[in-house]
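The values are calculated or read from the model by the stated rules, or taken from the named source; none is laboratory data. Just so we're clear, the structure is a prediction, and the values are computed from it rather than from any experiment. Note that each Cβ is placed from the backbone with ideal geometry, even for glycine, and that neighbours are counted across all protein chains shown.
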């Protein structure tokens, strides 16, 4: 039996065991943003290191950073083949609001064709799929390409220590191409390859009008209310055309030409299905752009959270001292995340009334990016999809951010191939996150074909 | 020794014991809005019933309501004297944000001339002061006037069951005048009597754009964000002159004439001191009105709380499904609280975009009120202040709400005398609430003089 046939057969023979191991990985609540889960994040790193070691990966190390560690490993035994740096992250988002989950977020309950858990799709599911392809290839003898692994534990908090890690380990990470498994396809039977990603600039804003909370009867009508101030600021961030008002925000955005618009139109899309998927009764966005354009080729600014004053049960007549918001811009290629903070500061300086204190804190940032969709690596990915799904994949612009793509392009000078099997309606970051199980197994075969095709 | 001299001497001889009992009352966390404290609220009712019974009040009863109980009691032995209905509330506000308290909110720590605790000023302190005046009079023999007590446990949640209670107990509560102890003076040595109060209409608003939280990368820029919608709504509630934009909001507000403005100017006020007291660096309000006018004679609308999306530590790239706000209007005499809900609903109907679900829930309401400041009861209150403080009290309009005043005026046809010893900078409803201790003892003497003077 050829290596290919042997690996494919191995995958098909071990589905039940794989499901159990997948659940085992999902059961560890590796929430990187909550410090009480630091031990769980560490435990997940160990789980992955053990897995890599079992599958012929050498020099496996859990490398500390000032935050959560990076799992590294390598196998470099085929000098005439390219070296692929596999990227993944093993941390997950928080699970609140917990009461909206229909099953334990770390229970990995299977209902129909789906498995439900935090990280099932984003991205323990994708990482696991790749690791089982690796196992299948390792069981056939020598691995067919040179592999390096860089698995981080801080993607969901914006990878604050990854840039420094990559800078310090440039030589160790040197490669021909990156295989980034943090990716998805278009629909259960519609393979897709993402060639464009939005960047992110995430901030926290604090508005303070008084030293302490006040009685709304005694003071109401005579002093500024920080929630009013914050609301005015937020309301002023968009104009009546749905455009962001920050001065200079669109300066670097490439206008969409007809050719690009045509390419985007080739991607199947229906506004009704989009609403169905989002669970909304209306769509809304920048005037003059379609929904796929608004999400894939235009920047956006959203408030991700807001809080201030009394938020408990019942009524409390308080005039709060402070109000807070988390806000983030989704950026397209060529927009500079650093410039966004300046634009935001300028806007706040101009619009927050005198006598009001404010602080703007940047949580994380990364540029958007667009990749060469005609490279030989991309050809192998296309062929792998065609073989397994029996369909040519569509080329997608993604609204989400994978900042590591821009980072590795900049530091190592290499493109990333986005190869993963999440679906747009997996509900990642929200309650009842899920993964379509049949594609976990098809994905293993795609990874096998892709690596053997290089 | 006369009854007066005996009672005054009794107060002066028992200061230390009184302080211990005051702390005992403050130690019970009778937070009416949090159901986990229901037992504490009940315990406080029992504490008061025992106290009344010890001081010659008869037929003492803890009368259940659908919410927290009313403590009732009476002493009716002097037919030629008026009957005074004493009103107070024994519940308190929540204590969050807890980390801004410098000592245990239920510890009653004394620092300098102040005692710090939730309820120290609003209004366990005032109620306690009255009860010790009652004790001092009871120890002299027959009580000098006819007394009835109605002490409720739901004032801080808007007295949802008091109107029905009063309606059902009209005969039992019949009286010549109400003594409302939920009141304050102007400054430690400046007695004051409040003759006007603002009303309250308190609401909770929910805005929902999607069925569940979404990923801000995948959907950002293509759907409505409920925090944006809510912010626009809030920002639109005031115009550039600081006026509330709700249609009809000012229709019933009595314009301030020169005579009323002059009366208000007699009350000592400094904008600098007001800012110092509020802990703000600026003042803000309706154009064309002074700070005392904005607080005492004009309505106001404030957001008391706001929440939505991710509010935890770090960054979560969520596009929330829902956002919430608590908002309340402070009303002046003649404004109808029921009309405010209609005005608000009309405004929301007109301004919330299509496809967005919203719900407006009313928590509580009560009208504003203005009292006759020339009655014989008021004369006794003035004289009591003059004797104890050696100063004529000033007449104040209060920005806060004491809805029971309007309720009892309506149901029993009687005015309320507002007699209490809180100070404007006691920090009620906020962290580090305090009470100026010397006025607890002076207050006992004022209550004694007031009751003996009727």
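Being within 18 Å of the chain's Cα centre (by Cα), within 30 Å of residue B:265 (Cα to Cα), at pLDDT below 95 and assigned by TED's automatic domain parsing to the domain that holds residue B:47 narrows it down to one of B:125, B:184, so name that one.
Every option except B:184 fails the conditions.
Is there any pair with a first residue in the stretch B:40-56 that is free of Cβ contacts under 8 Å to residues at least 60 places away in the same chain and a second that is assigned to a helix (DSSP H, G or I) and surrounded by 21 or more Cβ atoms within 10 Å (Cβ to Cβ) whose Cβ atoms are under 9 Å apart and which are 6 or more apart or on different chains, and what are they?
B:47/B:25
Is it true that some residue in the stretch A:46-67 is modelled with pLDDT of 95 or more and at positive phi?
yes
Please determine whether any residue of the stretch B:429-436 is buried (at least 24 other Cβ atoms within 10 Å of the Cβ), within 11 Å of chain A (Cβ to nearest Cβ) and modelled with pLDDT of 95 or more.
yes
Which residue pairs have Cβ atoms closer than 6 Å, lie 6 or more positions apart in sequence or on different chains, and pair a first residue in the stretch B:313-333 that is at positive phi with a second residue that is assigned to a loop (DSSP other than H, G, I, E, B)?
B:314/A:33
I'm trying to understand the selection: among the residues of the stretch B:259-313, which are part of a helix (DSSP H, G or I) and within 11 Å of chain A (Cβ to nearest Cβ)?
B:271, B:274, B:275, B:276, B:277, B:278, B:291, B:292, B:293, B:294, B:295, B:296
Just wondering, is there one or more residues in the stretch A:293-305 that are without any contact (Cβ under 8 Å) to a residue 24 or more places away in the chain, within 22 Å of residue A:195 (Cβ to Cβ) and buried (at least 22 other Cβ atoms within 10 Å of the Cβ)?
yes
Every residue, every condition in (1) in the same structural domain as residue B:336 (by TED's automatic domain parsing); (2) part of a loop (DSSP other than H, G, I, E, B); (3) without any contact (Cβ under 8 Å) to a residue 60 or more places away in the chain, yes or no:
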position: B:388; (1), (2), (3): no, no, no
position: B:405; (1), (2), (3): no, no, no
position: B:409; (1), (2), (3): no, no, yes
position: B:425; (1), (2), (3): no, yes, no
position: B:431; (1), (2), (3): no, yes, no
position: B:446; (1), (2), (3): no, no, no
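Among the candidates A:31, A:63, single out the residue that is surrounded by fewer than 18 Cβ atoms within 10 Å (Cβ to Cβ), assigned by TED's automatic domain parsing to the domain that holds residue A:112 and touching a residue at least 60 places away in the same chain (Cβ under 8 Å).
A:63
Would you check which residues across the stretch B:342-365 are under 18 Å from residue B:224 (Cβ atoms), without any contact (Cβ under 8 Å) to a residue 40 or more places away in the chain and either assigned by TED's automatic domain parsing to the domain that holds residue B:403 or assigned to a helix (DSSP H, G or I) (or both) and list them?
B:349, B:350
Taking the stretch B:141-166 only, how many residues are more than 14 Å from every other protein chain (Cβ to nearest Cβ), touching a helix residue (DSSP H, G or I) at 6+ places or on another chain (Cβ under 8 Å) and either closer than 22 Å to residue B:377 by Cβ or crowded, with 24+ Cβ neighbours inside 10 Å (or both)?
Selection size over the stretch B:141-166: 11.
Which condition number in (1) within 11 Å of chain A (Cβ to nearest Cβ); (2) out of contact with any strand residue (DSSP E or B) (no Cβ under 6 Å at 6 or more places or on another chain); (3) at pLDDT 95 or above is the one that residue B:383 fails?
(1)
For residue A:372, only one of the following conditions fails: (1) in a loop (DSSP other than H, G, I, E, B); (2) away from every other protein chain (no Cβ under 11 Å); (3) touching a strand residue (DSSP E or B) at 6+ places or on another chain (Cβ under 6 Å). What is its number?
Answer for residue A:372: the failing condition is (3).
Quick check on my filter: what residues within the stretch B:233-262 are over 28 Å from residue A:238 (Cα atoms) and surrounded by fewer than 16 Cβ atoms within 10 Å (Cβ to Cβ)?
Selection gives B:248, B:250, B:251, B:252, B:254, B:255, B:257, B:258, B:259, B:261, B:262.
Count, please, the residues in the stretch B:254-272 that happen to be modelled with pLDDT of 95 or more and out of contact with any helix residue (DSSP H, G or I) (no Cβ under 6 Å at 6 or more places or on another chain).
Counting residues in the stretch B:254-272 that are modelled with pLDDT of 95 or more and out of contact with any helix residue (DSSP H, G or I) (no Cβ under 6 Å at 6 or more places or on another chain) gives 2.
Select, from A:397, A:330, the only residue that is part of a strand (DSSP E or B), in the same structural domain as residue A:439 (by TED's automatic domain parsing) and touching a strand residue (DSSP E or B) at 6+ places or on another chain (Cβ under 8 Å).
Unique residue meeting the criteria: A:397.
Looking for whichever is modelled with pLDDT under 95 and within 18 Å of residue B:327 (Cα to Cα) here; the options are A:218, A:224. Which one fits?
Going through A:218, A:224 in turn, the sole match is A:218.
Does at least one position in the stretch B:321-334 carry a residue that is surrounded by fewer than 18 Cβ atoms within 10 Å (Cβ to Cβ) and within 23 Å of the chain's Cα centre (by Cα)?
Yes, the stretch B:321-334 contains at least one residue that is surrounded by fewer than 18 Cβ atoms within 10 Å (Cβ to Cβ) and within 23 Å of the chain's Cα centre (by Cα).
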